[in-house]
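Have a look at the structure below before the remarks.
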Amino acid sequence: MTRAQANILVVSDLHFGEELLPGASAERKRAIDLGATAFRDFLRHHTVRRQHGRPWRLVIAGDLFDFMSVVIEGNKDGPSRPAKTRDERVYGLGRSVKTGVLRMRAICEHHRPLLSDLARFAAAGHHVDIVVGNHDVELLAPEVAEELKSHIVMAHRASSPALDPNRVDSMISRVQIVPWFVYVPGVAWIEHGHVYDEGCSFEFNLAPMDPKDGNLIFNADYAAVRYLGSAVPDLDPHGIESWGFWGYMQYSLGAGWKLGSRLWVAYARFVGSLFRARRLHRSIKRRDRRSREHRARLAQVAEAGGISLASANAIDRLSRAPLTASFRRLGRLMMLDRFGLAIGVVFASVLALILLPIVYALLAIAATIGAAAGISHWLGTHLVTSQLPMRAIPQRIRKHVDAPVVVFGHTHDPRWQPLRSGGLYVNAGTWLPATKPGLRRCFTHVLIEPRDGQAPAVTLRQWREGGSQPFDARADLGAGVHTLPGFTLDDELLHTPEPVAIAKISR
């Protein structure tokens, strides 16, 4: 039975490798251990159980691995190259294809039993699609993808030494690395979703490396983990992503002089890396090379994914440019705009008091404050951690492909949202039991059952008590967004403009 005929399981954001960050807290290591144990149970459960006789198609919708947290130190005599800068000596070598192979190797060696269970799952006739996310974007490179596959094969052979080589080849052929999306016509469109998040996207999402030195170009997410995450490795990175500038500063003020000063230095490096990325975005020659590479890969991805190049280009245009591509948004992220306005108001007020009579000075100050307020309103607020832009994207994607269901991951927030034009957006949430979103909202996954002649049956589920159960967070998040259990998509929902009223619960 082909991939298109299989029942689909979607999981996302497992972040294996996050525990390898030097100085990682016991809580973080425990979270990854819990996640790995539960995922192994999940794999073993579905390896021997089919639904309606169909095999499973496991779609891991991005961030299966966390390359950001794996530090590769420069080494003259080892497999890596020597560190060339102080930044590399302190924080390790940057993310690139070559260091991606080493990071992949380190993660695979640490999670060999999990890879063995994944291999058994594929060997049982099921299919595995590993979608590339922003934390494991190095998997776009064939060298890194082959490193992963070689470790899956080694883990499989180690667990079953007497295996027929032909069966091993058959097993690994059912494991695919997917650069962008999984599309099943008439059923679903599945991707990670980071390309619609300005803090995590890349200018050219299929060509994110700098062609000159081969390093991954910084976005806000990567820079934050490399510098701020390394400065305070005992904090859960998924719990502090919404702190913003003042959140970090308040933490540094309460952390004591030593840790606080270290955090300020890390913040300075964080800011510097973003402005370096900004300069790279303005380099005409480098942008042209990355653009050509992106377009070439886009044509390959479209053909492999079963959509036209025109549709691929249209959906690609929906992605959000990274914060680092815009000085305005970059300044807004770091609150440089607010600092500049505040300084400007103070300077203008002092100048008015010196040069003008008191009445005119007060009028000038009032006008200055009003102008500053207007500029601040025009600048607006950044949406780095908001799901609002992402929730608008699925409806637009459905204009270009026949997909009743659109599934993302990335946000770690399980969501169920009927779309006003028909269809459904589901966020698979996260498998990771970190501080955010916490145990109650982790181990979530999506079950999609294709049905002949009608819309697929879709449920948002959670792995608990040794089985896959309907997800029940008992939360209405507003704006027609629900996390109630057991919704099933049907033809009525697909064509009814009132999304919440017609959704029905299956028992």
- prompt: Taking 0.36 nm per residue of separation and subtracting the Cα-Cα distance, what length does fully extending residue 317 through residue 276 add?
  reply: 12.3 nm
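Using Cβ contacts closer than 10 Å as the measure, can you line up 80, 116, 12, 69 from fewest to most? Please list the in-between numbers first.
Values: 80 17, 116 21, 12 33, 69 26.
Fewest-to-most Cβ neighbours within 10 Å comes out as 80, 116, 69, 12.
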message: Given an 8 Å cut-off on Cα distances and at least 6 residues of separation, report the relative contact order of region 268-325 as a percent.
response: 42 percent
- prompt: Can you put 154, 68 in order, fewest other beta carbons within 10 Å first?
  reply: 154, 68
- prompt: Whole-Hz Karplus ³J(HN,Hα) for region 310-320, in order, using 6.51 cos²θ - 1.76 cosθ + 1.60 and θ = phi - 60°, x for Gly and Pro?
  reply: 5, 5, 4, 5, 5, 6, 4, 5, 6, 5, 8
Per-peptide average of other Cβ atoms within 10 Å, ordering 409-420, 189-200 highest first: 189-200, 409-420
field: Karplus (6.51, -1.76, 1.60) ³J(HN,Hα), θ = phi - 60°, over region 56-64, in Hz, Gly and Pro reported as x
entry: 9, 10, 7, 9, 8, 7, x, 6, 4
query: Kirkwood hydrodynamic radius of region 118-204 from all distinct Cα pairs, in Å?
result: 14.5 Å
- prompt: Which order do peptides 461-468, 356-363, 119-126 fall in by mean Cβ count within 10 Å, highest first?
  reply: 119-126, 461-468, 356-363
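Too long at a 20 Å Cα-Cα cut-off: which of 29/258; 84/258; 29/84; 98/212?
On the way: 29/258 25 Å; 84/258 27 Å; 29/84 31 Å; 98/212 14 Å.
Among 29/258; 84/258; 29/84; 98/212, the Cα-Cα distance tops 20 Å for 29/258; 84/258; 29/84.
A short reminder: the numbers here are calculations on the coordinates, not readings from a lab. Since this is a predicted model, take the numbers as computed values, not measurements. Positions of Cβ are backbone-derived with ideal geometry, glycine not excepted, and every protein chain shown enters the neighbour counts.
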